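The values are calculated or read from the model by the stated rules, or taken from the named source; none is laboratory data. Being a predicted model, the structure only gives us computed values, none of them experimental. Cβ: placed from backbone, ideal geometry, glycine included. Neighbour counts: every protein chain shown. Calculation scope for accessible area: heavy atoms of the full protein, side chains included, ligands and nucleic acids excluded. Shrake-Rupley method; radii C 1.70, N 1.55, O 1.52, S 1.80 Å.
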Amino acid sequence: MKEFNSIRELVTQAEAHHCPISRIVIDNQMNYLKKTEDELHLQMDEHLQVMWEAYQNGYQEMKSPSGLSGGMAKKYHQSTVSGKLLSPLTKEAITIALSISEYNACMGRIVAAPTAGSCGILPAVLFSVSNTFQLERKKTLDALFHSAGVCMVIAKNASISGAEGGCQAECGSAAAAAASAAVELMGGTPEMSAHACALALKFVMGLVCDPVAGLVEVPCVKRNASGAVNALTAAELALSGIESAIPVDEVIEAMKNVGTMMPCALKETAQGGLAATKTARKISERVHGR
Amino acid sequence: MNIFDMIGPIMVGSSSSHTAGAARAGYVARMLLGEEPVKAVVTLSGSFAQTYQGHGTDRAIIGGILGFSPSDLRIRNSFEEAKRNHLSYTFQMEELENTAPNTAKIELQGVNGAVISTIISSVGGGVVQVVRINDADVKFSAEYPTTVVFNDDKPGIVAKVSEYFASHHINIAFMRLFRREEGQEAIMVIESDQKVGKEILESLRQSEHINKVIAIEPF
């Protein structure tokens, strides 16, 4: 199976073979890793299991070493207002994103997807969609392969790390991958997936990485919640036939360029943005003792 | 590109560089010591020194020194685990010059008296780079099966080592030689595509002018 160096190539290959994008990614990896499809599925299944456990565990009461995170998922889910403005599916997605992301902050075991800082977004979208529509596990696994393929292209052509490209690269990439895979889960075309990917990246173009006290907590945990909603919005728009005016690979390139232009203070160094506020400095002093 | 680098690794949070990479740094230092460590002096530098409490960098390094993988939940309680395993440790903060932002100096003493001093950087995504062993500047990631040979700086040793590898059909992916001064201890780092069997390691250990042979398995 051929390499793919852009989302366009992924879509073209899927269309040529009349198969979903996940199929192209699986074939590529069988060849690259010299593994059978069953072996790949088995390994991915383990990752999916860890994601599920992180959701279950993160929903419990706990506090991160800094005291900044913990208990938010349950508080949101049990509130009488949650789900009033948003659909039950979105409510579930937000709950999962908060759970997993807080569990990460509390030194729980998670799957970097594609990074630890953005680890709640993909599982939030895939679990909430799969649960709501009672999709079989194999479909959810395929969606993970699909997302991984999207992440590979973004990593290759731009960046998936906040230190390199800001939050747009980190939570943005996770949301783009989740949106693209959600379209496949819902029976959309590869072309629709590409538009969903583009839209999700566009929604957060320019978003900076400004972790308070340098920790993966504030605003990261809540940005995982908004990242999940971002992905669902992008997927639903694309499924309804709405297209990104800018082709997805150009959006990825633009994201890369914005990341390059972004000053260092806004790329995970905790020197700008929210991290430089008066309150953030106080938090930092309390946590780090200086 | 490997798909499981994108959806993965499985790791204990909160940060791939400050937690997973830190655990891996501790683990690689343990492997380089080559025996059960009983004492550790850890110097945190750069961003490691700035934010270690919140990320659990200190606990992750101790966990790694105890042999835990970056996905092992015991990392969270590694200080208690250290007590149980009779490992004493101290932390200090100091800027190590000319190193990457997330760097630790890890000095270990083993149960049979072996000592090693290493400087290891966490370079992102849970990947580390060993940049110093004892007095020698080195550079390797231990992402492949890695064999580290400590030998006298004499002619013919590289030939002998590569001959052992060839005769056991082990393909060498990368091989680098390091030393501080001519005639002093030299370090050979061999990253191979296949796992290096006990047989080769033992034959190497028996060889003249080879003082220590370490094998590091990737997780």
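Table for the structure above
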{"read-out": "Inter-label distance for A:Gln43 and B:Ala159, nm, one decimal - labels placed 7 Å from Cα along Cα-to-Cβ", "value": "4.0 nm"}
{"read-out": "GNM result for chain A, Cα springs below 10 Å: residue of A:Lys222, A:Lys91, A:Lys75 fluctuating most strongly", "value": "A:Lys75"}
{"read-out": "The stretch B:1-116 - Debye-derived log10 I(q)/I(0), Cα point model, q = 0.16, 0.19 Å⁻¹", "value": "-0.68, -0.94"}
{"read-out": "Helix axis angle, A:7-16 relative to chain A longest principal axis, alpha carbon, degrees", "value": "30 degrees"}
{"read-out": "Residue-by-residue Karplus 3J(HN,Hα) for the stretch B:50-60, coefficients 6.51, -1.76, 1.60, Hz, glycine and proline x", "value": "6, 10, 5, 4, x, 8, x, 4, 5, 5, 5"}
{"read-out": "Built amide H within the under 5 Å cut-off of B:Asn102, gap 5+", "value": "B:Ser47, B:Ser122"}
{"read-out": "Choice from A:Asp38, A:Asp142, A:Asp249 with maximal GNM fluctuation in chain A (Cα, 10 Å cutoff)", "value": "A:Asp38"}
{"read-out": "³J(HN,Hα) computed for each position of the stretch B:191-204 - Karplus, 6.51 cos²θ - 1.76 cosθ + 1.60, integer Hz, glycine/proline x", "value": "9, 10, 6, 10, 5, 8, x, 4, 4, 5, 4, 5, 4, 5"}
{"read-out": "Lys, Arg +1 and Asp, Glu -1 on Cβ, resulting dipole of the protein assembly as shown about Cα centre, debye, nearest 20", "value": "1460 debye"}
{"read-out": "Residue mean of other protein chain beta carbons inside 10 Å, A:215-226", "value": "2"}
{"read-out": "Candidates A:Ile24, A:Ile100, A:Ile121: whichever shows maximal mean-square fluctuation once chain A is modelled as a Gaussian network with Cα springs under 10 Å", "value": "A:Ile24"}
{"read-out": "Calculated from backbone phi, Karplus (6.51, -1.76, 1.60) coupling profile of the stretch A:49-66 in Hz, x at Gly/Pro", "value": "5, 4, 4, 5, 4, 5, 4, 4, 5, x, 6, 6, 5, 6, 10, 6, x, 7"}
{"read-out": "Top positive-direction residue, dipole computed over the stretch A:57-203 with Cβ charges, set A:Thr115, A:Val129, A:Ala143", "value": "A:Val129"}
{"read-out": "The protein assembly as shown, accessible area per residue, ligands and nucleic acids excluded (1.4 Å, Å²)", "value": "41 Å²"}
{"read-out": "Residue mean of other protein chain beta carbons inside 10 Å, A:99-110", "value": "5"}
{"read-out": "Interface area, A with B, accessible, probe 1.4 Å, both sides summed, Å² nearest 100", "value": "2900 Å²"}
{"read-out": "Solvent accessible area, Å² - A:Leu274, 1.4 Å probe, full protein context", "value": "80 Å²"}
{"read-out": "Relative contact order (percent, whole number), the stretch A:16-137, Cα cutoff 8 Å, 6+ residue spacing", "value": "23 percent"}
{"read-out": "B:Lys160, A:Lys282, reordered so the largest accessible area comes first (probe 1.4 Å)", "value": "A:Lys282, B:Lys160"}
{"read-out": "Acute angle (nearest 10 degrees) that the helix A:220-239 long axis makes with the longest principal axis of chain A, alpha-carbon atoms", "value": "30 degrees"}
{"read-out": "Calculated FRET efficiency for the pair A:Leu86/A:Leu274, C-beta based, R₀ 25 Å, to 0.05", "value": "0.55"}
{"read-out": "Listed residues A:Ser22, A:Gln49, A:Thr36: farthest to the positive end of the dipole of the stretch A:1-70 (Cβ charges)", "value": "A:Ser22"}
{"read-out": "Cβ neighbours within 10 Å from other chains - mean over B:16-23", "value": "3"}
{"read-out": "A:Lys156 accessible area, assembled protein chains, probe 1.4 Å, Å²", "value": "80 Å²"}
{"read-out": "The stretch B:101-219 - share of DSSP beta bridges that are antiparallel (%, nearest 5)", "value": "100 percent"}
{"read-out": "Among B:Pro218, B:Leu201, B:Tyr164 - extreme Cα towards positive end, dipole of the stretch B:163-219, charges at beta-carbon", "value": "B:Pro218"}
{"read-out": "Between 0 and 90°, nearest 10: helix B:157-167 axis offset from chain B longest Cα axis", "value": "90 degrees"}
{"read-out": "Carbon + sulfur, % of accessible area of the stretch A:127-217 - ligands and nucleic acids excluded, 1.4 Å", "value": "57 percent"}
{"read-out": "Cross-link pairs beyond the 29 Å C-alpha cut-off, checked among A:Lys222/A:Lys278; B:Lys139/B:Lys212; A:Lys256/B:Lys195", "value": "A:Lys256/B:Lys195"}
{"read-out": "Theoretical FRET efficiency, 1/(1+(r/R0)^6), r = Cβ-Cβ of A:Phe133 and B:Glu182, R0 60 Å, to 0.05", "value": "0.30"}
{"read-out": "Solvent-accessible ranking of A:Thr115, B:Thr90, largest area first, probe 1.4 Å", "value": "B:Thr90, A:Thr115"}
{"read-out": "Two-decimal Rg to Rh for chain B - Kirkwood Rh, Cα set", "value": "0.97"}
